[in-house]
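The values are calculated or read from the model by the stated rules, or taken from the named source; none is laboratory data. These numbers come from a predicted model, not from an experiment. Cβ coordinates were reconstructed from backbone atoms using ideal geometry, including for glycine residues, and neighbour counts include every protein chain displayed.
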Amino acid sequence: MTNTQVEKTSLVQLFKQAIKGDTKDFTQGSIGKAAFLLAVPMVLEMVMESIFAITDIFFVSGLGADAIAVVGLTEAVLTLLYAIAIGLSMAVTATIARRIGEKDVKKANQVAGQTLWLGMFVAVFVGFIGLNYAEDILALMGASDSILATGKSYTTIMLGGSISILYLFLINAIFRGAGDASVAMKSLWLANGINIVLDPLLIYGVWFFPEMGLAGAAVATTIGRSVGVIYQLNHLFGYSNRIQLTLKEAVLNLDIISKLIKVSAGGVIQFLIATASWIALVRIISSYGSAAVAGYTIAIRIVMFTILPAWGLSNAVATLVGQNLGAGQAERAEQSVWKVAKYNVYFLLSVALIFIVFTSELVGIFSQDPAVLQYASDTLRFISYSYGFFAIGMIVVQAFNGAGDTMTPTKINFFCYWLIQIPLAYVLAQILSLGPTGVFVAISISQGLLALVAVMVFKKGNWKLKEI
C-alpha cells in the first residue's frame, strides 16, 4: 500500500470517527486531528442549519416578492433572538468545555441542567411578544400594508415557537462544549429533514395537507426544530458520551444560573450589537422597496449557506480553546486558533471565487424578477470581497468566546458595527445616493476592519488569563 493510500485510509477513518462521535481527549495529541474530529460534525451541523434558511426561501419564493420580504423582515427580528441564544450558548460551551478540560464532569452536568431553565425563561418572554405583537413588529420594520397582510401569521408562529430555536442552540452548545459534536450534528439533520419534507406540503397544500401559504413555512420549520429538540433531550438524559444529565442536576439552581448569565452577558450584548446593526441595514434597504429587501434576503440566505459551515470551524475553535485552557495548556489553545483560521481562509476564499464568477446563476435559482436579481447579485458580490478577512475574524472572535472572554469581542463589535458600519452605510446609501449598493460596500469594509482589530487584540494574550 502506498503512502497516499495510507493517508486516504487514515482520513476516511478519522471522518467515520468524527461522525460516530467517539469520545476523545482534545487536550492531548495532534492539534490538527483534534480540530478535524471536532470540526467535521460541527461543519455538517451548520450545513444543516444553513439548509433551513435556503429551504424556506426556495419554497416561499413561489409566493412572490412580498412573501420573500416577510421572511427577510422576520429573520431580521429573529436575529435578536439568535443573539440571545448564541450569547447564552457561548457561555454554556465555554463553561462546560472548561469543566471537561478540568476533568470535572459532575459540574459540567450541573451547568447543562441549568441551561434548560435559562432557555425556558427566555422562550416564555419571546413567545408572549410574538403572539401579541407580531403585526406591530413588522410595521416597525417598515413593512407595507400588503406585506403586513401577508406576513402576520408567519411572524406570529416563528416567534411563538421560539423555544424550539433556543433549545436547539443551547443544548447543542452543551454537546459542543463536552466534545460530543456528533450529537449536535444529528439533531440538526433530523430537524432539517422534517422541514424539507413539510415545507412544500404545508405551503402549497400537496396531497391531503392543508394549503397554508406562508404560514405553512413557519409551521414546518417549528415542527422540524421541535423534533430535533426531542432528539437532543433524549441524548442529554442518558445517551450522550460525556454529559449524563439526571433530574437531580435539572433542579433549579439560581447560583449556577447567575454565573452563566454573568459569563453570557458579554456574548449576548456582543451579538445584539451585531444583529442590531444588521436590522439597521435592513431598515435602510427597506426604504428602497420590496424588490431591494427581497434581493438582499436571497443573497444573505446564500451567504448563510457558506458562513454557517465556516461557523462550524469557529465552534470547534471555541471548544479547543476552552478545554485546553481548562487543562492548563494555553499555548496549545493558541496554536489551535491559528491552525483552524488557516483552514477557514482557504474555504471561504474558494467560496468567494464561486460567488463572484457564478453570481447570476446562484441568485437566479430563487427569483426571475429582474429588479430582485440585480439587488441580490450586487449584495452577493460585495460581501464576497471581504470573505478572506471575515474568515479570520470569525475564528479569532470565537477563540475569545471559547476562553470565556466575551467582553473583548463585544467592544470590537461596537466599534466596527455601530461606530463604523451603520454610519457608513447611511452616508453611502442616503447622502452619497448610492442606494442599497452603499450598504453592501459598508458591510465589506466593516468586516475587513473587524478582522484586523480582532487579530491585534488577540495577539496581546490577555484572554489566556480569563477565569470562569
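The numbered conditions (1) among the small types (G, A, S); (2) crowded, with 24+ Cβ neighbours inside 10 Å; (3) not in a helix (DSSP H, G or I) are all true for G142 except (2). Tell me whether the stretch 199-212 contains one or more residues that are hydroxyl-bearing (S, T, Y), surrounded by fewer than 17 Cβ atoms within 10 Å (Cβ to Cβ), closer than 19 Å to G64 by Cβ and over 20 Å from the mean Cα position of the chain (by Cα). Scanning the stretch 199-212, I find at least one residue that is hydroxyl-bearing (S, T, Y), surrounded by fewer than 17 Cβ atoms within 10 Å (Cβ to Cβ), closer than 19 Å to G64 by Cβ and over 20 Å from the mean Cα position of the chain (by Cα), so the answer is yes. Within the option set I163, I196, I129, being surrounded by fewer than 21 Cβ atoms within 10 Å (Cβ to Cβ), within 20 Å of the chain's Cα centre (by Cα) and over 19 Å from M90 (Cα atoms) holds for one residue only, I196.
In the stretch 137-163, the residues that are without any contact (Cβ under 8 Å) to a residue 40 or more places away in the chain reach residues that are of a type in the set (D, E) with C-beta atoms within less than 8 angstrom, at least six apart or across chains, in these pairs: L148/E135; K152/E135.
If we scan the stretch 112-134, do we find a residue that is assigned to a helix (DSSP H, G or I), closer than 23 Å to L201 by Cβ and in contact with a helix residue (DSSP H, G or I) (Cβ under 8 Å, 6 or more places away or on another chain)? No - not one qualifying residue is present in the stretch 112-134. Scanning the stretch 409-435 for residues that are within 20 Å of the chain's Cα centre (by Cα) and either in contact (Cβ under 8 Å) with a residue 60 or more places away in the chain or outside any helix (DSSP H, G or I) (or both) yields P409, T410, N413, F414, Y417. Would you check if there is a residue in the stretch 281-288 being touching a residue at least 60 places away in the same chain (Cβ under 8 Å), in contact with an Asp or Glu (Cβ under 8 Å, 6 or more places away or on another chain) and not charged (D, E, K, R)? No. Only one of the numbered conditions (1) surrounded by 15 or more Cβ atoms within 10 Å (Cβ to Cβ); (2) modelled with pLDDT of 70 or more; (3) assigned to a loop (DSSP other than H, G, I, E, B) is violated by P41, and that is (3). A184: part of a helix (DSSP H, G or I) and touching a Leu at 6+ places or on another chain (Cβ under 8 Å), yes or no? No: the conditions fail for A184. Residues in the stretch 231-248: is at least one closer than 22 Å to Y82 by Cα, among the β-branched types (V, I, T) and in contact with a helix residue (DSSP H, G or I) (Cβ under 7 Å, 6 or more places away or on another chain)? So far as the stretch 231-248 goes, no, none of its residues is closer than 22 Å to Y82 by Cα, among the β-branched types (V, I, T) and in contact with a helix residue (DSSP H, G or I) (Cβ under 7 Å, 6 or more places away or on another chain). When restricted to residues that are aromatic (F, W, Y) and either under 21 Å from A310 (Cβ atoms) or touching a strand residue (DSSP E or B) at 6+ places or on another chain (Cβ under 6 Å) (or both), the stretch 393-452 contains 3. So, L166, is that one closer than 26 Å to A316 by Cα and touching a residue at least 40 places away in the same chain (Cβ under 8 Å) or not? Here the answer is yes, as L166 does meet what is asked. The listed residues are A371, A352, A429, A442, and the only one of them that is surrounded by fewer than 22 Cβ atoms within 10 Å (Cβ to Cβ), touching a Phe, Trp or Tyr at 6+ places or on another chain (Cβ under 9 Å), farther than 30 Å from G326 by Cα and of a type outside the set (D, E, K, R) turns out to be A352.
Residues in the stretch 241-290 that are in contact with a Leu (Cβ under 9 Å, 6 or more places away or on another chain) and small (G, A, S) were compared, and the one that is surrounded by the most Cβ atoms within 10 Å (Cβ to Cβ) is G267. Exactly one residue among A178, A184 is under 17 Å from the mean Cα position of the chain (by Cα) and modelled with pLDDT under 90, and that residue is A184.
Of all residue pairs spaced 6 or more apart or on separate chains, those with beta-carbon atoms under 9 Å, a first member in the stretch 38-54 that is at negative phi and a second member that is modelled with pLDDT of 70 or more and acidic (D, E) are P41/D180; A53/E75. Could you tell me whether V457 is under 27 Å from I356 (Cβ atoms) and either surrounded by fewer than 22 Cβ atoms within 10 Å (Cβ to Cβ) or out of contact with any His (no Cβ under 6 Å at 6 or more places or on another chain) (or both)? No: the conditions fail for V457.
Among the conditions (1) of a type in the set (G, A, S); (2) in contact (Cβ under 8 Å) with a residue 40 or more places away in the chain; (3) under 23 Å from F58 (Cα atoms), the only one that G179 does not satisfy is (3). Being in contact (Cβ under 8 Å) with a residue 60 or more places away in the chain and either part of a loop (DSSP other than H, G, I, E, B) or surrounded by fewer than 24 Cβ atoms within 10 Å (Cβ to Cβ) (or both) is the filter here, so list the residues in the stretch 374-391 that pass it. Of everything in the stretch 374-391, those that are in contact (Cβ under 8 Å) with a residue 60 or more places away in the chain and either part of a loop (DSSP other than H, G, I, E, B) or surrounded by fewer than 24 Cβ atoms within 10 Å (Cβ to Cβ) (or both) turn out to be Q374, S377, D378, F382, I383, S386, F389.
The residue that is nearest to M42 (Cα to Cα), among those in the stretch 331-367 that are in contact (Cβ under 8 Å) with a residue 40 or more places away in the chain and β-branched (V, I, T), is V340.
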